[in-house]
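Okay, structure first, notes after.
Please treat every number below as a calculation from the coordinates, not as lab data. Only a predicted model underlies this, so the values are computations on that prediction, with no experimental measurement involved. Ideal geometry is used to build each Cβ from the backbone, glycine not excepted, and the neighbour counts take in all protein chains shown.
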Protein chains: 2
Amino acid sequence: MTPDTHTTPTPSLPVTDRTRLRRMREKGRTRRSDLDAVLAAGFLCHLAVVVDGTPMAVPTAYGATADTLYVHGSVAGRSLVQAPDATVCVTVTQLDGIVLARSVFEHGVNYRCAMIYATPRVVTDPDEKLEGLRVLTEQCVPGQWDYARTPSRKELAATTLLALDLAEASVKVRTGPPDDGDSPDAGLDVWAGVLPVTTLWGPPVPDPALRTGIPLPPHITKTTGTDVFPTPPSGPEPQENS
Amino acid sequence: MTPDTHTTPTPSLPVTDRTRLRRMREKGRTRRSDLDAVLAAGFLCHLAVVVDGTPMAVPTAYGATADTLYVHGSVAGRSLVQAPDATVCVTVTQLDGIVLARSVFEHGVNYRCAMIYATPRVVTDPDEKLEGLRVLTEQCVPGQWDYARTPSRKELAATTLLALDLAEASVKVRTGPPDDGDSPDAGLDVWAGVLPVTTLWGPPVPDPALRTGIPLPPHITKTTGTDVFPTPPSGPEPQENS
């Protein structure tokens, strides 16, 4: 993988003891824009917390602003009670393909992954909560917040929303073919390459209880057949001296 | 969601303090076969470990046998050194769709999720390691183990493979339409239903370094266009009195 030698100065992700890559450094991305790209492509994360001494990774939805990650936090209930000041980890992973090498040892996965470390702040201010839920909803289905009924005061109170600072994060991305094309294994009669994985929005399925005469809004119909976790237009891999 | 009232006795997942569902109990599945189905459909998991007191969820590959989950464990290096006897959590999540309700509050995700708790055992026996890697490789791309070059003794030694007992696990599955079809919100002029998400294998992309004349093996070509995380033929949801 090409090292990032981008000549235009872009904000970097600060390296901490937690975000310093100890393995597969060549997959590490250090620009703040790399983090933004991974976060922008998804809406599901795994929130890692410790409950009764045991780590748990729980899937939940998120939404990202420039500096804050909002996470649906009901799943973190016990963790927040037991250790409100503890650091948690939010991992966002998009699967892009399986890398088939000549040797099993060199097999791998093409993926985009961001890991964010922060002490979650439980959002209590109603305005921020509403805004955080808007960000989270729009991250998943753009256009839906202005279309569906927004939360009542009671619903807002029943929702646990966590805010995580995006200051400490690591990003790893793997793209491209297997790494054993220039090894002795390249002489083997074994096909090598990538099996791409694409995640697509299917055609909307109406609720059987839907009243007749309610049309599909354009912001929903237009997703059909499109990529759920799109790769940014520039591609995830920085170009050398571009 | 229909409660599981399956009349044929099937092995149940033992309920422990960790696997007892505290939220959304209606999504819980208690049969051992539910766990098997979620594990069989995937090959990527998030391994949650504690490093220097901080939880981390790290994506990695897995393979499942009847009683053991094999996990690529290099990512757990520091955790294993710091707390070799600690329980870890492996979470397998397949995203099936976004549930669009009339109200934002009732929005949700259709998914299949299994969380396994176990103290990982580092596999040291070369035969078990080879077998575990075979299971892991076949879980991802069936047919690949007998096709590609299998690991040398040196490669085997350089691989960290973890074995996790499948005895303690919880399973959650959500399927079907939104839950507010019988609420006052059903009177709103808001479309409601599910945006299905389908993850597909794309056409294989050859390594640019691939020698000419190496054909694509049938076990790879046949995946194109098929579901990466297939729903079991019977569907993930148990039928009442079926």
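Output, in nm with one decimal and in ascending order, the distances from the B:Glu26 label point to the matching label points of the other copies (7 Å from Cα along Cα-to-Cβ).
Result for B:Glu26, in nm, nearest copy first: 5.1.
What number, in nm² with one decimal, is the all-direction average of the projected area of the convex hull of the alpha-carbon atoms of the range A:25-221?
Numbers: hull surface 61.8 nm².
For the Cα atoms of the range A:25-221, the hull's average projected area reads 15.4 nm².
From the backbone phi of the range B:80-85, what are the Karplus-calculated ³J(HN,Hα) couplings (6.51 cos²θ - 1.76 cosθ + 1.60, θ = phi - 60°) in whole Hz, Gly and Pro given as x?
Listing the rounded values in order: 5, 6, 6, 8, x, 9 Hz.
Between A:Ser74 and A:Asp227, what FRET efficiency comes out of the Förster formula 1/(1 + (r/R0)^6) with R0 = 25 Å and r the beta carbon distance, rounded to 0.05? Please list the in-between numbers first.
Numbers: r = 29 Å, r/R0 = 1.15.
Result of the calculation: an efficiency of 0.30.
Return the average number of partner chain Cβ atoms within 10 angstrom of each residue Cβ along peptide B:176-188.
Details: counts 3, 6, 3, 2, 3, 5, 1, 1, 0, 2, 4, 1, 4.
For this peptide, the per-residue mean of nearby foreign Cβ atoms is 3.
Can you list the residues, at least 5 places off or on another chain, whose amide H is less than 5 Å from the amide H of B:Arg102, using H built in the peptide plane?
B:Asp180
Need one value for A:44-53: mean number of C-beta atoms belonging to other chains within 10 Å of its residues' C-beta atoms.
On the way: counts 6, 2, 11, 4, 12, 4, 6, 4, 3, 4.
So the per-residue partner count for this stretch is 6.
For an R0 of 41 angstrom, estimate the FRET efficiency from the Cβ-Cβ distance between A:Asp182 and B:Asp165 and round to the nearest 0.05. Working shown, then result.
On the way: r = 41 Å, r/R0 = 0.99.
Once rounded, the FRET efficiency stands at 0.50.
Estimate the FRET efficiency between A:Asp52 and A:Asp85 by the formula 1/(1 + (r/R0)^6), using the beta-carbon distance for r and 22 Å for R0, to the nearest 0.05. Don't jump to the answer; show the numbers that get you there.
Working: r = 17 Å, r/R0 = 0.78.
Once rounded, the FRET efficiency stands at 0.80.
How big is the protein assembly as shown on each of its three principal axes, counting only the C-alpha atoms and giving the largest first in Å?
Extents along the principal axes: 67, 63, 46 Å.
Using unit Cβ charges (K, R positive; D, E negative) and no other charged atoms, how large, in debye to the nearest 20, is the dipole of the range A:25-221 about its Cα centre? All intermediate terms of the calculation are to be shown ahead of the outcome.
Values: 17 positive and 23 negative charges, 101 e Å.
It comes to approximately 480 debye.
Could you sort B:31-41, A:140-150 so that the peptide with the highest average Cβ count within 10 Å comes first and the rest follow in order? Walk me through the numbers on the way to the answer.
On the way: B:31-41: 20.5, A:140-150: 17.1.
By packing density, highest mean first, the sequence is B:31-41, A:140-150.
What is the gain in length, in nm to one decimal, between A:Ala40 and A:Thr119 on full extension, counting 0.36 nm per residue of separation less the C-alpha to C-alpha distance?
Numbers: separation 79, 0.36 × 79 = 28.44 nm, distance 2.14 nm.
Value of the extension gain: 26.3 nm.
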